[in-house]
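> Before we start, here is the structure in question, set down as structure tokens.
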């Protein structure tokens with residue numbers, strides 16, 4: 001539209017430019033009907049999805065930010081009062097919050113680190129597998145992906161549980177493991193099982209992302225390296241991994257953001273006992289169980305800020321190109 | 001295939017390792033589900049006597065109302081949330097893949113942002129709002145937030161699918177004398193339908209898996225889905241652990257997942273990898 005408000009230029013030198021501009025404008029007028037119709041159709045088709053996405057996320061987070069500025073508990077709704085940033089001060093000056101944040105970060109880092117290695121190995125297996133095995137391997141790997149996280153949590157919980165589990169009997173030869181070991185009575189052992197369940201359930205997802213990355217590595221490069229006498233390890237390190245760096249970064253970021261929201265495994269296995277509480281669980285217990293909407297909203301907003309920070313660090317510091325790797329130019 | 005014996009052995013070992021990795025926890029909970037109560041804490045993997053008592057408990061016994069109602073809720077809510085997401089995402093992805101309009105990138109970026117959104121951050125305000133307007137503990141009360149899980153990934157996967165469809169086929173069919181509708185139905189639908197189906201399948205898995213919304217926004221059997229219900233199981237008596245019933249229920253809800261994976265592994269892998277990383 002800027003063309004229409006552009007001032008007409010009188011000087012001879014720019015007359016040609018002005019004429020050119022006018023021609024463009026006429027052209028645009030002819031095209032604009034079609035363009036406008038296409039835009040309108042585009043938004044008619046994509047608009048509902050767009051509006052629904054905003055309605056189910058942007059609105060609630062705005063409401064959470066608003067609620068976080070109030071003293072507000074559902075058990076005493078009449079005492080609702082504006083208290084500014086007090087809720088944030090309360091949360092951020094509480095040592096529990098920082099401990100919970102630390103545990104959440106610990107779970108995220110350990111789980112994602114193991115998953116990348118394991119997922120890469122699985123991706124290599126699926127990538128190289130002979131045709132007869134490929135279907136079988138992919139089907140097997142998709143089982144943990146499709147299974148309900150809560151079911152995975154129970155499966156791992158019952159396997160390690162001191163009364164119903166078999167792990168203590170099977171692994172009694174491992175130093176530190178005997179029939180009296182109660183895995184869910186200590187922070188370290190609880191986190192071990194929680195992370196194991198998380199890794200088992202989500203490695204397939206990361207390995208599928210990496211498989212897509214592997215498929216993009218030009219085979220000629222690998223063959224050339226092989227002809228030049230590079231070992232399998234050298235080819236992997238010098239050719240394959242550098243060529244799929246973008247895919248690895250995206251997979252890591254996606255899984256990290258997902259692991260940071262961990263809830264189901266912790267809820268089922270320990271309920272946050274023995275210092276295993278994570279951020280999502282803290283938010284849940286504050287607002288849903290204790291009905292402290294104001295305080296819970298503040299924790300929710302802080303969790304949201306953490307996710308944005310992780311994203312920001314990944315994109316700025318590690319130059320993860322989400323849009324590029326996800327199909328957008 | 002020109003595999004040497006050594007390679008064959010290697011592949012056999014690798015395959016066994018992957019199968020054990022993927023299936024062992026499932027086998028463990030399945031084995032537990034066939035144990036009789038007195039054997040639950042014998043520290044063994046397999047049951048001594050195989051019994052269906054836990055399945056009786058959840059399908060016709062005491063835990064029946066809790067389990068069957070949650071199964072009905074889970075199936076109904078997940079299917080509706082998937083269907084709505086599939087329709088909205090199909091329209092949006094068609095527009096993004098085929099039309100040129102300002103805001104395309106905005107829509108894709110929004111979908112990406114929504115998909116990394118921490119679910120728990122939405123739960124608190126919804127919990128409060130749903131109680132005020134009467135959506136708490138109802139099907140729509142879960143279907144609406146489920147769209148935040150199913151819609152973004154559906155848009156991404158379907159856009160990737162639709163970008164690969166040779167849309168010229170439609171014009172070609174019209175040149176050959178087909179009407180607009182015929183051209184769309186005969187040339188485009190057969191190409192687009194598998195993508196829509198795969199997307200719906202993946203979206204269904206995601207909705208089926210939800211726990212945070214399920215446990216926060218429901219309080220009774222009216223809308224509580226399976227994952228949340230599993231956390232509320234109690235034993236046959238208050239002195240009994242619900243281990244057996246939970247295991248049996250876990251197996252029942254895992255069977256459809258395994259069947260779908262067996263039938264459609266190729267499509268699911270294609271959907272997840274295409275929607276995810278495409279350089």
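> Relative to the compact-globule scaling 2.2 N^0.38 Å, provide the ratio for the alpha-carbon radius of gyration of region A:167-277. If you can, show how the numbers build up before the last one.
On the way: Rg = 20.1 Å, N = 111, 2.2 N^0.38 = 13.2 Å.
So the Cα radius of gyration is 1.52 times the expected 2.2 N^0.38 Å.
> Test of understanding: ordering B:180, A:276 by Cβ neighbours within 10 Å, fewest first, what list do you get?
With the sparsest Cβ surroundings first, the list reads B:180, A:276.
> If you count, for every residue in A:94-102, the Cβ atoms of partner chains within 10 Å of its Cβ, what is the mean? Write down the numbers at each step before the final one.
Details: counts 0, 0, 0, 0, 0, 0, 0, 0, 0.
Mean shielding by partner chains, rounded to a whole number: 0.
> Where does each of B:61-72, A:256-267, A:222-233 land if you order them by average Cβ count within 10 Å, highest first? Write out the running numbers ahead of the final one.
Details: B:61-72: 17.7, A:256-267: 23.1, A:222-233: 11.5.
The densest-packed peptide leads the list: A:256-267, B:61-72, A:222-233.
> Can you pull the mean other chain C-beta count within 10 Å for peptide B:255-266? Don't jump to the answer; show the numbers that get you there.
Details: counts 0, 1, 8, 5, 1, 2, 10, 4, 1, 2, 11, 4.
Per residue, the number of nearby Cβ atoms from other chains is 4 on average.
> Hey, another quick one. With runs of 4+ DSSP H residues as the only contributors, calculate the mean residue ellipticity of chain B at 222 nm using -39,500 (n - 2.57) per run, divided by the residue total and rounded to the nearest 500. Present the calculation step by step, with values, prior to reporting the outcome.
Details: 12 runs with 200 residues, N = 279.
Mean residue ellipticity, 222 nm, calculated: -24000 deg cm²/dmol.
> For region A:59-216, what does the relative contact order come out to in percent, with C-alpha contacts under 8 Å and a separation of six or more? The partial results should precede the final answer.
Details: 128 pairs, mean separation 42.2, N = 158.
RCO, region A:59-216: 27 percent.
> Then there's this: Considering only C-alpha atoms, what is the centroid distance from region A:259-315 to region A:44-79, in Å?
What the calculation gives is 17 Å, centre to centre.
> Which order do the peptides B:135-145, B:94-104 take when ranked by the mean count of other beta-carbon atoms within 10 Å per residue, highest first? Each step should come with its number before you reach the end.
On the way: B:135-145: 20.4, B:94-104: 18.3.
Result, highest mean first: B:135-145, B:94-104.
> Obtain the nm distance between the two label points defined at residue B:72 and residue B:131 by a simple spin-label model: each point lies 7 Å from its Cα along the Cα-to-C-beta direction.
2.7
> If you take the Cα atoms of region B:46-88, find Rg, then find the Kirkwood Rh from the mean of 1/r over all pairs, what is Rg/Rh? Write out the running numbers ahead of the final one.
Numbers: Rg = 15.9 Å, Rh = 12.4 Å.
Using only Cα positions, Rg/Rh for region B:46-88 is 1.28.
> Along its three principal axes, how long is region B:51-210 when you only count alpha carbons? Whole Å, largest extent first please.
Computed over the Cα atoms, the extents are 65, 40, 26 Å.
> For region B:1-122, what is the relative contact order in percent, using Cα pairs closer than 8 Å and at least 6 residues apart in sequence?
Numbers: 40 pairs, mean separation 13.3, N = 122.
Relative contact order for region B:1-122 comes out at 11 percent.
> What does the extension gain come out to for residue A:92 and residue A:66, with contour length at 0.36 nm per residue minus their alpha carbon separation?
7.6 nm
> With a ≥ b ≥ c the root eigenvalues of the C-alpha gyration tensor of region B:152-279, is it rounded (a/c under 1.5), prolate (a/b larger than b/c) or oblate?
Values: a/c = 3.24, a/b = 3.04, b/c = 1.07.
The shape class here is prolate.
> Using only Cα atoms, find the angle between the long axis of helix B:243-276 and the longest principal axis of chain B, and express it within 0 to 90 degrees, rounded to the nearest 10.
That works out to roughly 20 degrees.
> Now for a separate question. Given a Förster distance of 51 Å, report the FRET efficiency between residue A:177 and residue A:51 from their Cβ-Cβ distance, rounded to the nearest 0.05.
Taking R0 as 51 Å, the efficiency between residue A:177 and residue A:51 is 0.40.
> Moving on. For chain B, find the longest principal axis of its Cα atoms and tell me its angle to the long axis of helix B:5-33, 0 to 90°, nearest 10.
Approximately 60 degrees, to the nearest 10.
> Kindly identify region A:90-325 as rounded, prolate or oblate by the Cα gyration tensor criterion: order the square roots of the eigenvalues as a ≥ b ≥ c, call it rounded if a/c is under 1.5, otherwise compare a/b with b/c, prolate if a/b is larger, else oblate. Could the numbers behind the result be given before it?
On the way: a/c = 2.41, a/b = 1.41, b/c = 1.71.
It comes out oblate by the Cα gyration axes.
> If each DSSP helix of 4+ residues adds -39,500 (n - 2.57) and the sum is divided by the residues in chain A, what number results at 222 nm, nearest 500 deg cm²/dmol?
Working: 14 runs with 225 residues, N = 329.
Result for chain A, helices only: -22500 deg cm²/dmol.
> Helix A:293-317 against the longest principal axis of chain A: what's the angle in degrees, Cα atoms only, rounded to the nearest 10?
It is inclined by approximately 70 degrees.
> Let me ask something additional. Sort A:185-196, A:157-168 by the packing proxy (mean of other Cβ within 10 Å over each peptide's residues), most packed first. Numbers along the way, then the final one.
Details: A:185-196: 17.8, A:157-168: 21.1.
Order by mean packing, descending: A:157-168, A:185-196.
> If I take every Cα pair under 8 Å that is 6 or more residues apart in region A:90-325, average their sequence separation and divide by the length, what percent do I get for the relative contact order? Before the final figure, lay out the partial values.
Numbers: 248 pairs, mean separation 64.0, N = 236.
Relative contact order, region A:90-325: 27 percent.
> With the cut-off at 1.5 for a/c, could you classify chain B from its C-alpha gyration tensor as rounded, prolate or oblate?
The shape class here is oblate.
> Tell me the Kirkwood radius of the protein assembly as shown: reciprocal of the mean inverse pair distance over distinct alpha-carbon atoms, in Å.
Details: mean 1/r = 0.0376 Å⁻¹.
For the protein assembly as shown, inverting the mean 1/r across all distinct Cα pairs yields 26.6 Å.
> Inside 10 Å of the C-beta atoms of B:17-24, what's the mean count of C-beta atoms belonging to other chains? All intermediate terms of the calculation are to be shown ahead of the outcome.
Working: counts 2, 11, 6, 1, 9, 13, 3, 3.
Partner-chain Cβ atoms within 10 Å, mean over residues of B:17-24: 6.
No lab work stands behind these numbers, since they all come straight from the coordinates. The structure presented is a predicted model; accordingly, all values stated were derived computationally and were not measured. Positions of Cβ are generated from backbone atoms using ideal geometry, with glycine treated the same way; all protein chains shown enter the neighbour counts.
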